[in-house]
Amino acid sequence: MARDTTRIDVRKTYKLFIGGAFPRSESGYSYVVNDAKGKFVANAALASRKDARDAVVAARKAAGGWAGRTAYNRAQILYRVAELVEDRRPQFLLAVQQSEGLSAAKAGDVLDAAIDRLVWYAGWADKLTQVVGNANPVAGPFFNLSTPEPTGVVAVLAPQESSLLGLVSVVAPVVVTGNTAVVVSSYDRPLPAVTFAEVLATSDVPGGVINVLTGSAATVGPWLASHMDVNAIDLTGIAGDTALATDLEVAAADNLKRVRRAPAAEPDWTLTPGLDTMTDFVEIKTVWHPMGV
Amino acid sequence: MPTTATDYSDVTGSEASLRRFLHGLPGVDQVGAEARAAALGTRSIKTTAKAQALDLAIRMVDLTTLEGQDTHGKVRALASKAMRPDPADPTCPAVAAVCVYPDMVATVKQTLGSSGVNVAAVATAFPSGRAALDIKLADTRDAVEAGADEIDMVIDRGAFLSGHYLRVFEEIVAVREACARPGGDDAHLKVIFETGELQTLDNVRRVSWLAMMAGAHFIKTSTGKVQPAATLPVTLVMLEAVRDFREATGQMVGVKPAGGIRTAKDAIKYLVMVNEVAGPDWLDPAWFRFGASTLLNELLMQRTKMTTGRYSGPDYFTLD
Amino acid sequence: MDFTYAPAPESRSIVDLKASYGLFISGQFVDGHGSSFKTISPATEEVLAEVAEADDADVDAAVKAARRAHTRVWSRMPGSERAKYLYRIARIIQERSRELAVLESLDNGKPIKESRDVDVPVVAAHFFYYAGWADKLEHAGFGTTPLGVAGQVIPWNFPLLMLAWKVAPALACGNTVVLKPAETTPLTALLFAEICQQADLPPGVVNIVTGAGGTGQAIVAHPDVDKVAFTGSTEVGKAIARAVAGTGKKVTLELGGKAANIVFDDAPIDQAVEGIVNGIFFNQGHVCCAGSRLLVQESVADELLERLKRRMGTLRVGDPLDKNTDVGAINSAAQLQRIRELSDVGEAEGAGRWSPPCELPDRGFWFPPTIFTGVSQAHRIAREEIFGPVLSVLTFRTPSEAVEKANNTPYGLSAGVWTEKGSLILHMAGALKAGVVWANTFNKFDPTSPFGGYKESGQGREGGRHGLAAYLKGGDL
């Protein structure tokens, strides 16, 4: 198809997603994003430590409300996200192809899997409590119930290679249980994450529940790992970098964050996830009450 | 009207205000109350403290017989035992009172003479309380006239459970008036709740306040005819009530658990509870009683064990 | 009448104390390579025994023994057989309960009534509970593969109970253990070693190395330890989290707390008073989940405090072995020093200090039950864990203020709520950031019920089905 040479296309500015808004990086920096073949695609905002700080504030602000939604409501909202991703297939296909250098068919498989993963996790919202909670038969006249509750604000270093399927596979399990997330996207492949943020912005996910920072996990990660108002951190995005992972684990100890450790290599995201993707970011709360007249 | 009621005249003025007051009392958590009672039950009372406690417990006994088969001979024998529980040991104290049906009062009174042991009579259509008020009052006056020092009345549990608190209140007030003697030497009124029928500890707390506001001298758990009779948790709540009532009004009310207290060890558990919940002021037969029959011999056997160093047997104590 | 309770001391003669104790490695008591230290009775400062201080070589020997036992015996043994060993241990604990209770009270200073009625029975129950899991792991949802060797470091406040919380699930899941009891309370762990011998537990499945911080560090840092479980201070917990960073060792941490015990104006007031007393004076307040901050609704604050003070007046402080003692000795001179310091700070910061009149023994480490009134969130005594019989009293006006104040702490282990209104309880239970919420009760523990904290109070849960996750490969809650 011949291109209309008289029209200059309007390029998109890729921005951060914090508290439901799309700010540029506070630092003013951006970085060049190339496609898999090394061709310029866009400038992405380069998140700074202050962007991370702002994102944590937004996530904390959203935490109470999101955790307070009914599980059914969170399920519906996540399912709606899946619907919207499906609705934007062409855009996501392009982003995944560009980012990961996949054929259209392979990119389609990845997109299918990503949408299906969202649907899978959406369904867990009102089931995890039943599967991992317990009624405890204590030796006394007490009602005793243990249930999982969100741990709070979770920093997520998203995988570097799998820019969409990997991304939703680490974000959905965090928020489905009622946590809010500060996500650092793949550094080299941030565009699916930005597009995903745009989907979130038009979805029913409240602002601040998922915040997306494009940039370097190595730069922003330490600030999130040491942040005293972050409750947990997922180090998946620095798979294989044991030195950095060790540093971040040490930093995370400052307030005893729950840490999902960095794997030796990026996992195979096509496999069905385990419950640990969710249970790593919940607290079991046990409530006692006497039974009497 | 009894003086205690004046402090609460606004409360007891109407069914509605009385209900509001009683339902506004702090709730009682059964599990917590039972745990507290059990914890007090683990106190270990030894040596001199135990000897003191046993004598005190004997002095607190309302030696009771409330049987259809009671005869004048039987209650005379019981009254003799009340004055000298252990004929072999003159240091053994007498009990607090002998508790009988009204028709036995004169006989018991005669036997007890000026021993200092009181005569208590159950009245008001004991144990069910299911009779017209006139009859209950007549029953009471009959016992008072026969010389009863103390009247153990039963409340109308049906009225209480159906929420007619004012009716229960007024009945207690009326019975207390019937306890009056021309000379002013009024019989003391013990009010029996039959807590086994009221079931909940919230009810025990409410009925305790209701009775105290109506002028009860003593509040008493049970008739002994219904199971469960006295229990430690019920007594705990009643002791808390008299403690709080004194705090509020400055007036002391006595407590009498009755029925089901059979061993010396049980009795000592109650005394520990009196000591730690209501306070040592209540460790006096004027303010705490045991309604019991077989308990006395158990106390005597323990007492003998303490003095002789060996266990005794029932053959060495009189049946009545 | 003056009804004073005569002393009712539990006999010490049931305990056969040796003059010195070695380390328990591979089923034998052996001499350590390090020096030794004395463990004393905090109630009298009498030296109870001399105990070996394990050095790195000793810890290495213990880990090797545990590894051998794991590889050759314990991990291969069918769960049903492991279960029977644990049942055996549970039964021996029941049989020797009096002895264990007396020894615990001697070494720790806690009242015999607590060691006898709480610690030791719950220890036996814990082994009984996890024994039953050993051959049912495939139903628990965390897989069936043990981690290997577990290094376990436990505190002095519930010496034997913490041992049970650590050892029972570890063994049930097929792990072997190297456990270090606290340096001030090693004796019941050593008696437990004897129980393992009596039970014919295969050598090396349980190894007990005594010592202080250095010994604990050696366990945590040992490269052949697969799992670290620690109960103790948040400060040490953080150090452990740093020490295991990058190693892939699985960690469970049970750390400090500053629990709010929240009393609403419609509370069952007498039970609430009991709950407050139990919450802060149980075990001299040496309880990580102690209800050390009383949050009372302003409208009942005066009445509640009056009742609380009256009740505190009946607490009996003294000889831990006296069956009528309610509050025993502070575990160590160092702990007493810390309690004194923080209490002095409380006074200096302007809080009102009150203790009932009570005579404290001349020798030993003692601190009277104490409350501070007029405390605000900014006071150090409202923020720092005192770990002693010291209660800070704060007030609130509305449920949301209560939640805010209760959650306004880096800790999140436990909380208490007292109200007769069911919906308020459920609301509060949901809003409180605490791993255990006791509603209309406090300080209740059960093997079937998971225990553990949010935030800086720790990671992971102990007890219940959830407690298995800490000792199985890939088992995350």
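Quick notes on this one:
- Which numbered condition C:Ile195 fails, given (1) closer than 30 Å to B:Gly27 by Cβ; (2) assigned by TED's automatic domain parsing to the domain that holds C:Leu171: (1)
- Flag for A:Val168 being touching a Lys or Arg at 6+ places or on another chain (Cβ under 9 Å), surrounded by fewer than 24 Cβ atoms within 10 Å (Cβ to Cβ) and in a helix (DSSP H, G or I): no
- Test: residue in segment C:41-49 that is outside any loop (DSSP other than H, G, I, E, B) and of a type in the set (Asp, Glu): no
- Inside segment C:17-52, residues that are under 30 Å from C:Val63 (Cβ atoms) and charged (D, E, K, R) make up a count of 4.
- A residue that is in contact (Cβ under 8 Å) with a residue 24 or more places away in the chain, acidic (Asp, Glu) and surrounded by fewer than 21 Cβ atoms within 10 Å (Cβ to Cβ) occurs nowhere in segment B:294-312.
- Residue match in segment A:110-127 (condition: within 15 Å of the chain's Cα centre (by Cα) and free of Cβ contacts under 8 Å to residues at least 40 places away in the same chain): yes
- Matching residues in segment A:232-260 - criterion: being more than 7 Å from chain C (Cβ to nearest Cβ), closer than 16 Å to C:Tyr454 by Cβ and not in a helix (DSSP H, G or I): A:Ala232, A:Ile233, A:Lys257, A:Val259
- Hey, C:Gly464 modelled with pLDDT of 95 or more, in the same structural domain as C:Val167 (by TED's automatic domain parsing) and small (Gly, Ala, Ser) or not: yes
- Segment B:149-158, residues that are surrounded by 17 or more Cβ atoms within 10 Å (Cβ to Cβ) and part of a helix (DSSP H, G or I): B:Arg157
- Flag if A:Gly221 is away from every other protein chain (no Cβ under 11 Å), touching a Leu at 6+ places or on another chain (Cβ under 8 Å) and more than 23 Å from A:Ala21 (Cα to Cα): no
- Residues that are more than 10 Å from every other protein chain (Cβ to nearest Cβ), part of a helix (DSSP H, G or I) and in contact (Cβ under 8 Å) with a residue 24 or more places away in the chain, drawn from segment C:129-142: C:Tyr130, C:Ala131, C:Gly132, C:Trp133, C:Leu137
- Those residues of segment A:111-143 which are under 24 Å from A:Gly178 (Cα atoms), outside any helix (DSSP H, G or I) and not acidic (Asp, Glu), in sequence order: A:Ala125, A:Lys127, A:Gly133, A:Asn134, A:Ala135, A:Asn136
- Those residues of segment C:253-285 which are part of a helix (DSSP H, G or I) and away from chain B (no Cβ under 14 Å), in sequence order: C:Ile280, C:Asn283, C:Gln284, C:Gly285
- For segment A:266-293, the candidate set comprises residues that are within 14 Å of chain B (Cβ to nearest Cβ) and either among the small types (Gly, Ala, Ser) or without any contact (Cβ under 8 Å) to a residue 12 or more places away in the chain (or both); within that set, the residue that is surrounded by the most Cβ atoms within 10 Å (Cβ to Cβ) is A:Gly292.
- Near pairs, Cβ below 9 angstrom, 6+ apart or cross-chain, from segment A:130-143 (at the interface with another protein chain (Cβ under 8 Å from one of its Cβ atoms) and surrounded by 13 or more Cβ atoms within 10 Å (Cβ to Cβ)) to any residue that is hydroxyl-bearing (Ser, Thr, Tyr) and in a helix (DSSP H, G or I): A:Val132/A:Thr279
- Restricting attention to segment C:96-113, the residues that are of a type in the set (S, T, N, Q) and either buried (at least 24 other Cβ atoms within 10 Å of the Cβ) or modelled with pLDDT under 95 (or both) total 2.
- Taking segment C:102-159 as the range and being β-branched (Val, Ile, Thr) and under 14 Å from the mean Cα position of the chain (by Cα) as the test, the residues that pass are C:Val118, C:Val120, C:Val122, C:Val123, C:Val153, C:Ile154.
- Note on segment B:38-52: among residues that are small (Gly, Ala, Ser) and closer than 18 Å to B:Thr235 by Cα, the one that is farthest from the other protein chains (Cβ to nearest Cβ) is B:Gly41.
- Candidate set: segment C:274-314, residues that are among the basic types (Lys, Arg) and out of contact with any helix residue (DSSP H, G or I) (no Cβ under 7 Å at 6 or more places or on another chain); chosen: the one farthest from C:Trp354 (Cα to Cα): C:Arg310
- Sole residue being of a type in the set (A, V, I, L, M, F, W, C), over 30 Å from B:Ala35 (Cα atoms) and touching an Asp or Glu at 6+ places or on another chain (Cβ under 6 Å), chosen from A:Ala197, A:Ala265, A:Ala239, A:Ala252: A:Ala239
- Checking A:Pro263 against (1) assigned to a helix (DSSP H, G or I); (2) within 14 Å of chain C (Cβ to nearest Cβ), the condition it does not meet: (1)
- Tabulated pairs, segment C:374-402, first farther than 22 Å from C:Val287 by Cα, second among the hydrophobic types (A, V, I, L, M, F, W, C) and part of a loop (DSSP other than H, G, I, E, B), C-beta under 7 angstrom, 6+ apart or interchain: C:Gly374/C:Ala351
- Number of residues in segment B:101-135 that are within 23 Å of B:Arg167 (Cβ to Cβ) and more than 19 Å from the chain's Cα centre (by Cα): the value is 6.
- C:Met312 falls short on exactly one of the conditions (1) closer than 30 Å to C:Ala429 by Cβ; (2) more than 27 Å from the chain's Cα centre (by Cα), and that condition is (2).
- Of the residues making up segment C:234-246, those that are part of a loop (DSSP other than H, G, I, E, B) and in contact (Cβ under 8 Å) with a residue 24 or more places away in the chain number 1.
- In segment C:432-473, the residues that are more than 19 Å from the chain's Cα centre (by Cα), more than 7 Å from chain A (Cβ to nearest Cβ) and in a loop (DSSP other than H, G, I, E, B): C:Leu432, C:Lys433, C:Lys473
- Given (1) assigned to a loop (DSSP other than H, G, I, E, B); (2) under 29 Å from A:Glu249 (Cα atoms); (3) within 14 Å of another protein chain (Cβ to nearest Cβ), index of the condition A:Glu161 fails: (3)
- Of all residues in segment B:65-92, those that are closer than 17 Å to B:Ala292 by Cβ have Cβ atoms under 7 Å from Cβ atoms of residues that are outside any helix (DSSP H, G or I) and of a type in the set (S, T, N, Q), 6 or more apart or on another chain, in B:Thr65/B:Ser293; B:Lys74/B:Thr65; B:Val75/B:Thr65; B:Leu78/B:Thr65; B:Lys81/B:Thr318; B:Met83/B:Ser115.
- Count of segment B:10-25 residues, restricted to those that are crowded, with 21+ Cβ neighbours inside 10 Å and not in a helix (DSSP H, G or I), is 1.
The values are calculated or read from the model by the stated rules, or taken from the named source; none is laboratory data. Bear in mind the structure is a predicted one, so any value in this text is a computation, not a measurement. No Cβ is skipped: glycine too gets one built from the backbone with ideal geometry, and neighbour counts run over all protein chains shown.
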